[in-house]
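Single-structure report; data block below.
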Amino acid sequence: MQDRVLTGGTAPLNPASAAARFGIIERPDLTFTPEIARETAHLYERVKDFIPAIEWPVFAPYVHAINRIKKERGAVILAHNYQTPEIFHCVADIKGDSLQLARDATRVDAEIIIQCGVHFMAETSKLLNPDKTVLIPDGRAGCSLSESITGADVRALKARYPGVPVVTYVNTSADVKAETDICCTSSNAVAVVESLASDTVLCIPDEYLAMNVANQTKKKILTWKGHCEVHERFTAAELLAYKEADPRIEIVAHPECHPSVLEVSDYAGSTSGMIDYVKTKRPGRVLLVTECSMASNIQAEVPEVDFVKPCNLCPHMKRITLPKILDSLLYMTEEVTVDPAIADRARLAVERMVNLKH
Ligand code: 13P
Ligand code: SF4
């Protein structure tokens, strides 16, 4: 690898940067050759239902280069269930929902983690792996929930409700996590709330997740007015119209949806919970009330299931693309760091969740 490290750049690299520490790799030729066609054929099999054969020559050189350079770098690619099929099926090493990715991030051997997801996910990986280099292919990949609240907001809430424990959804910045007693994800929110001794719990910032938790616990739940811009768009009326058209259709929803949506659903759970439900129950027709890419990512494994896709895209997740992943690997960008003044407290909140037995 050493002979491919560029040494003659015009601007000197910041010596503390990941690029200076690991070196920059020269951009590979991205021509679709017969060799690349042969070596990526097994990967195309996994995505052939979503990527027309005529388009594969555009994707394949990136897939090939990413998989090769990933090995040279000793990097591991973590991908959320909402990543596009060519990322999810062709370059990801570890895939899952927010909790699985947080847990798996603690078990990663590699020195470099490339996080294909949104910024709070990369920050969580960095919190759990302070000595590793965590890169996100596009640092602008945010989240409407994460942006709905700041650390100062949580401090104000704590002053208003002294002694009330704070459960913070993992979809938040490290600044917010640092003010928190324990984090939760959509798959363990009820268990986290139940694990606390207090009868009243602040469950922030997702108002709908908190309302859905409140429906499953006797504790008094206080919340915040944050919403997921993808899941808040689904309505019960829209889903009932699908049910009316085909009563056999099963509706599987994410708990970031409004409680009225969950009421007309057959199952509600985290993205991985939704995937497990479809794989286990194998309904004839299913409507996934969540981000678009999920259905595409599991369709190949359950070919007998007919997916109805009302399709709401998460624009933040969609910022992550193959060309940007390749750039991350070549130029070691964009490095995710957490302010040391808040990192220890934020890490504690995530670790309490990861270590929770349930
Ligand atoms: P999961 O934890 O269910 O993967 O959810 C993350 C997310 O951002 C859903 O919008
Ligand atoms: Fe955030 Fe919603 Fe996108 Fe998930 S789907 S990352 S909660 S904006």
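What the table below lists for this structure:
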| read-out | value |
| --- | --- |
| Qualifying residues in segment 105-126 (those that are within 25 Å of Tyr62 (Cα to Cα) and part of a helix (DSSP H, G or I)) - the one nearest to ligand 1 (Cβ to nearest atom) | Met121 |
| Residue within segment 218-234 that is outside any helix (DSSP H, G or I), aliphatic (A, V, I, L, M), closer than 30 Å to Pro340 by Cα and under 19 Å from the mean Cα position of the chain (by Cα) present | no |
| Checking Ala300 against (1) touching a residue at least 24 places away in the same chain (Cβ under 8 Å); (2) over 17 Å from the mean Cα position of the chain (by Cα); (3) farther than 15 Å from Pro85 by Cβ, the condition it does not meet | (3) |
| Selection count, segment 19-34, where residues are closer than 18 Å to His64 by Cα and either over 28 Å from the mean Cα position of the chain (by Cα) or part of a loop (DSSP other than H, G, I, E, B) (or both) | 9 |
| Residue, farthest from ligand 1 (Cβ to nearest atom), within segment 187-203, restricted to residues that are in contact with a Pro (Cβ under 6 Å, 6 or more places away or on another chain) and in a loop (DSSP other than H, G, I, E, B) | Ser198 |
| Hits in segment 220-273 - residues which are out of contact with any helix residue (DSSP H, G or I) (no Cβ under 6 Å at 6 or more places or on another chain), touching a residue at least 24 places away in the same chain (Cβ under 8 Å) and of a type in the set (D, E, K, R) | Glu229, Glu232, Arg233, Glu238, Asp246, Arg248, Glu250, Glu263 |
| Ile342 vs. criteria among the β-branched types (Val, Ile, Thr), crowded, with 17+ Cβ neighbours inside 10 Å and within 29 Å of Tyr62 (Cβ to Cβ) | no |
| Output for segment 127-140, where each listed residue is assigned to a loop (DSSP other than H, G, I, E, B) and surrounded by fewer than 24 Cβ atoms within 10 Å (Cβ to Cβ) | Asn129, Pro130, Asp131, Lys132, Asp138, Gly139, Arg140 |
| Boolean, Ala152 is modelled with pLDDT of 95 or more, more than 14 Å from ligand 1 (Cβ to nearest atom) and closer than 17 Å to Thr124 by Cα | no |
| Residue that is nearest to Leu348 (Cα to Cα), among those in segment 128-146 that are aliphatic (A, V, I, L, M) and more than 16 Å from ligand 1 (Cβ to nearest atom) | Val134 |
| Residues satisfying the stated conditions in segment 73-104, i.e. part of a strand (DSSP E or B), surrounded by fewer than 24 Cβ atoms within 10 Å (Cβ to Cβ) and either within 12 Å of ligand 1 (Cβ to nearest atom) or within 12 Å of the chain's Cα centre (by Cα) (or both) | Ile94, Lys95, Gly96 |
| Meets criteria (within 16 Å of ligand 1 (Cβ to nearest atom) and surrounded by fewer than 22 Cβ atoms within 10 Å (Cβ to Cβ)) for Gly269 | yes |
| Criterion: within 16 Å of ligand 2 (Cβ to nearest atom), in contact with a Phe, Trp or Tyr (Cβ under 7 Å, 6 or more places away or on another chain) and among the hydrophobic types (A, V, I, L, M, F, W, C) - qualifying residue of Ala79, Ala122, Ala102 | Ala79 |
| Qualifying positions in segment 159-175 - free of Cβ contacts under 8 Å to residues at least 40 places away in the same chain and part of a helix (DSSP H, G or I) | Ala159, Arg160 |
| Single residue of segment 247-256 satisfying the filter (more than 16 Å from ligand 2 (Cβ to nearest atom) and modelled with pLDDT of 95 or more) that is nearest to the chain's Cα centre (by Cα) | Ile251 |
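The values are calculated or read from the model by the stated rules, or taken from the named source; none is laboratory data. This is a predicted model, so every value here is computed, not measured. Positions of Cβ are generated from backbone atoms using ideal geometry, with glycine treated the same way; all protein chains shown enter the neighbour counts.
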